[in-house]
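The values are calculated or read from the model by the stated rules, or taken from the named source; none is laboratory data. Bear in mind the structure is a predicted one, so any value in this text is a computation, not a measurement. Cβ atoms come from the backbone with ideal geometry, glycine included; neighbour counts cover every protein chain shown. For the accessible areas, the whole protein counts, side chains as well, though only heavy atoms, and no ligand, DNA or RNA atoms are used. Shrake-Rupley method; radii C 1.70, N 1.55, O 1.52, S 1.80 Å.
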Amino acid sequence: MKVYLQTFGCRANQYDSEVVRGLLEQAGAELVSDAVDADAAVFNSCAVTAAAEADLRRAVRRAARRRPTIKTVVMGCAAARDADGIGALPNVSRVIPGAGGAEVAAALGMAAGDDRPVRQTGTRALLRIQDGCDEHCTFCATTLARGANRSRPADDLVTEAGQLAEHHAEIVITGVHVGSYGLDIGTSLGALVDELVRAVPRARFRLSSVEATEVDDRLRERLTANDGGLVPYLHAPLQSGSDRVLRRMGRHWYTAATYARAIERIVRDAPVFGLGADIIAGFPGESEEDHRATMSLVSSLPFTGLHVFPFSARPGTAAQRIGAPVASADAPRRADELRAEGERLATAYRARRAGGSADVIVIGDRAHRSGLTEDYVSVIPADDALSRGTRMRMRLTIDNGVLFGHAC
Ligand code: SF4
């Protein structure tokens, strides 16, 4: 059977698609890159924004139009949120909420084998350590789609990471709420990272996204050691720098001040440290003063990259009913201002990195070859003959704001 697989959304979804790919290939299926050549299609859906759901619906309709005989299965978050609506789309024979790789295989009449995707399509591998979330941020559809926090056993994760390290120089630790790992099984993210770094020394590990206030001392030591184990990089969702807006978002576990203190405690002893954050611009009720508070908090912290999203109301979320929408022009304008400030900080950080050295992994296909440092900065390898997946120490130089990497 020829199968077309398309993934929307976050790294947790991308991991789940790698599981599906592995299971289907084990069962003898051939993965094809265009639905027009496929007998079946699997779409792994996302519900984080209205645009993501619209993209999915468009892709499902397009597959049916171009390949009228195609058998379509939709999995993921949007499938969990709107099974009936998605089930009514053309050629959809099965809707599977959430991550279910084995269910996808069964829906295509295939036996499910080993669901650990030990050789993945990307240069850097993904390791989903937990699913779901126990929090209820008012804007979030993911927690509604993925359910409560469920951690995978550490032994399984260490085994899987060991197998991944045979093919991948970096393993990205991901999930829906990574920082809550272990709360349901009597352990912690810090303990898991210690085990992974000790048991799998041949790969470096990167945390995908962790709340700043969930970084305990154990994890902080690993993050700042820069010893080739856990990389010195943290993507800590901020969402807003206004306490009033954070309360409206239901993000009760931190304030602007405790977020800033947590970040300062982590990065103060780390000259090389990548710091990212998600921010929502234009949340209902956000005033210009709230936006200024977010801008000033961003400017005061050593960010090296920001993901800024204009607010997108999700059906069924509390934020959809919260009222007080901001003026339509304000959200994109505020988002642009935040992005510009993020880029200013990132440019300054790249300039500071020049003259130093970095642990670089070569990524991307031949046409788009680049290198990724331990602190998540993109560099251009001076030697363009280096193959994808090569990991080496490089000396950094800068030209017109672009960092170049030279073999040390
Ligand atoms: S912490 Fe909030 S935003 Fe993140 S998954 Fe949980 S509910 Fe959603």
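Miscellaneous remarks
- On the basis of the beta-carbon distance and an R0 of 30 Å, Ser378 and Arg61 show a calculated FRET efficiency of 0.25.
- For the chain, Cys10, Cys46, Cys77, Cys133, Cys408 stand unpaired, since no other cysteine beta carbon lies under 4.7 Å from theirs.
- Trypsin sites (Lys or Arg not before Pro) within the stretch 64-142: DSSP coil, no more than 15 neighbouring Cβ in 10 Å: Arg119
- Of Leu89, Leu246, Leu126, the one that fluctuates the most in a GNM where the chain has Cα springs shorter than 10 Å: Leu89
- Label separation (Phe404 vs Ala106): 5.7 nm, computed from points 7 Å beyond Cα along the C-beta direction.
- Surface per residue (accessible, 1.4 Å probe) for the chain, Å²: 41
- Among the trypsin sites (Lys or Arg not before Pro) found in the stretch 257-291, those both in a DSSP coil and sparsely packed, with 16 or fewer other Cβ atoms within 10 Å of their Cβ, are Arg268.
- Charging the Cβ of each Asp and Glu at -1 and of each Lys and Arg at +1, and nothing else, the dipole of the stretch 2-107 about its Cα centre rounds to 360 debye.
- The helix-based estimate of mean residue ellipticity at 222 nm for the chain, built from -39,500 (n - 2.57) per DSSP H run of four or more residues and divided by its residue count, is -10500 deg cm²/dmol to the nearest 500.
- For the chain, the carbon plus sulfur part of the accessible surface works out to 51%, probe radius 1.4 Å.
- Computed about the Cα centre, the dipole magnitude for the chain is approximately 700 debye when only Lys and Arg (+1) and Asp and Glu (-1) carry charge, each at its Cβ.
- If R0 is taken as 51 Å, the Cβ-Cβ distance between Ala348 and Asp217 corresponds to a FRET efficiency of 0.95.
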